[in-house]
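Contents: one structure, followed by commentary.
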Amino acid sequence: MSRRTSTIMGAVTLATVALLAGCTPSVETEPEPSATSAEHHGFPVTIENPYGETVVPRAPQRIVTLGPDGTDALLALGVRGPVGAVLSDSGDPAELPVWTQEALDELAVDDPEVLPGGETLPYAEITALEPDLILAVSVELDRDRYEQLAAIAPTVATLPGTTSWQDAVSVVGMVMGEDEAAAAAIDSVDQKLTAITDAHPQLDGVTVAAATTAATDPTGTFSVFAEDASPVQLLEDLGFTIPASVVEGTRLDSSTFPVAADQAAGLTSDILVYYAATQAEYDAWLASPVAQSLAQVAGGNVAPVIGADLVQAVGSPSALSIPWGLDGLVAALGGTALGAVPAPTKG
């Protein structure tokens, strides 16, 4: 199963690479969690975490989520929303992503109290919410922080690089006692992805690389996402193939690798998908010497994914963000000279 995850830093930042580059380490450092019974339909539920086991004694009613992955996975079940959410690694609370807010509105539940993140988690604020479950899905959580959270409430923890968006939904479904709802949520997204690939069989075998820059660089040096990174895995789900240049550039300890002017010719792909928070950021890169030396630019085969919300939606995909951002991604691909993908129509 592909691995597409995001960290607690998943909130959009002005530097696009800060949003995406850390979203998926390209090596699994911890085992994925598993329940004691794959087909459980009751409680208690025991699930492994990187530091031992978590026992959820009864169906949770008051859930606090750390990171957008757990928040979206919970809402995707269509059962209840969290009472509190830590969405950002900064000291200030982050705004809920558009798709998360839409899911809350559709469920007709109260918005969660959005708590500040940072190096020190808001333990007192979390305690005050009286949670009976804490979801720390795809979050950088060391043993000390895990134990402090577990002292407040049963804490389900998975580390970045070990949990795809499908796994996130499945794990949250297990601990909520909502296995069938989890399976239905995954199937719903898979059907949308399959509909795109079925409608555009010409995507099969087309090679794609995905890239972004941390900041405006007059030389245009940029970062290419590794073969296991979240944006790349979503493109694979759409039928694209990852070229050898990306596979060979992938490092075990990083989700990106740099491409400078003297390396540009080696980045071979039919299409280059470029993620930028703003049009100005994309235009600056496109005018740079490195960009102008790329065969994809010369051939009109760059697909710009522009806008902080869209970048987050398809760069750090979840069961909620994929349906929200899929049309924008496919439309960007349709603008390439290959003419492979016509702009989608909403229905």
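The values are calculated or read from the model by the stated rules, or taken from the named source; none is laboratory data. Predicted, not measured: the structure shown is a model, and the values here were computed from it. Reconstructed Cβ throughout: ideal geometry from the backbone, glycine too, with neighbour counts over all protein chains shown.
A few notes on this one:
- Any hit, region 166-176, residues being in contact (Cβ under 8 Å) with a residue 60 or more places away in the chain, within 15 Å of TYR51 (Cα to Cα) and in the same structural domain as GLU48 (by TED's automatic domain parsing): no
Matching residues to (1) out of contact with any Asp or Glu (no Cβ under 7 Å at 6 or more places or on another chain); (2) at pLDDT 90 or above:
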{"site": "ALA15", "(1), (2)": "yes, no"}
{"site": "ALA18", "(1), (2)": "yes, no"}
{"site": "VAL55", "(1), (2)": "yes, yes"}
{"site": "ILE63", "(1), (2)": "yes, yes"}
{"site": "GLY84", "(1), (2)": "no, yes"}
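- Complete set of residues in region 80-97 that are of a type outside the set (Val, Ile, Thr), within 18 Å of ILE152 (Cα to Cα) and not in a strand (DSSP E or B): PRO82
- For GLU53, the conditions (1) in a strand (DSSP E or B); (2) buried (at least 18 other Cβ atoms within 10 Å of the Cβ) all hold with the exception of (2).
- Search result, residues across region 173-185 that are touching an Asp or Glu at 6+ places or on another chain (Cβ under 8 Å) and crowded, with 20+ Cβ neighbours inside 10 Å: GLY173
- Taken over region 141-190, the residue count meeting the criterion of being within 14 Å of the chain's Cα centre (by Cα) and of a type in the set (Asp, Glu) is 1.
- Residue that is surrounded by the most Cβ atoms within 10 Å (Cβ to Cβ) [pool: residues in region 80-104 that are of a type outside the set (Gly, Ala, Ser) and farther than 19 Å from GLN312 by Cβ]: VAL83
- The residue that is surrounded by the fewest Cβ atoms within 10 Å (Cβ to Cβ), among those in region 117-147 that are touching a Leu at 6+ places or on another chain (Cβ under 6 Å) and farther than 25 Å from PRO44 by Cα, is GLU125.
- Options ALA199, ALA211, ALA150, ALA195: the member that is within 27 Å of PRO304 (Cβ to Cβ) and in contact with a strand residue (DSSP E or B) (Cβ under 8 Å, 6 or more places away or on another chain): ALA211
- Near pairs, Cβ below 8 angstrom, 6+ apart or cross-chain, from region 147-163 (over 14 Å from MET174 (Cβ atoms)) to any residue that is surrounded by fewer than 20 Cβ atoms within 10 Å (Cβ to Cβ) and modelled with pLDDT of 95 or more: GLN148/TYR123; LEU149/TYR123; ILE152/TYR123; ILE152/THR127; ALA153/ASP132
- Residues in region 276-303 that are buried (at least 17 other Cβ atoms within 10 Å of the Cβ) and either touching a Leu at 6+ places or on another chain (Cβ under 8 Å) or among the charged types (D, E, K, R) (or both): ALA277, GLU281, LEU294, GLN296, VAL297, ASN301, VAL302, ALA303.
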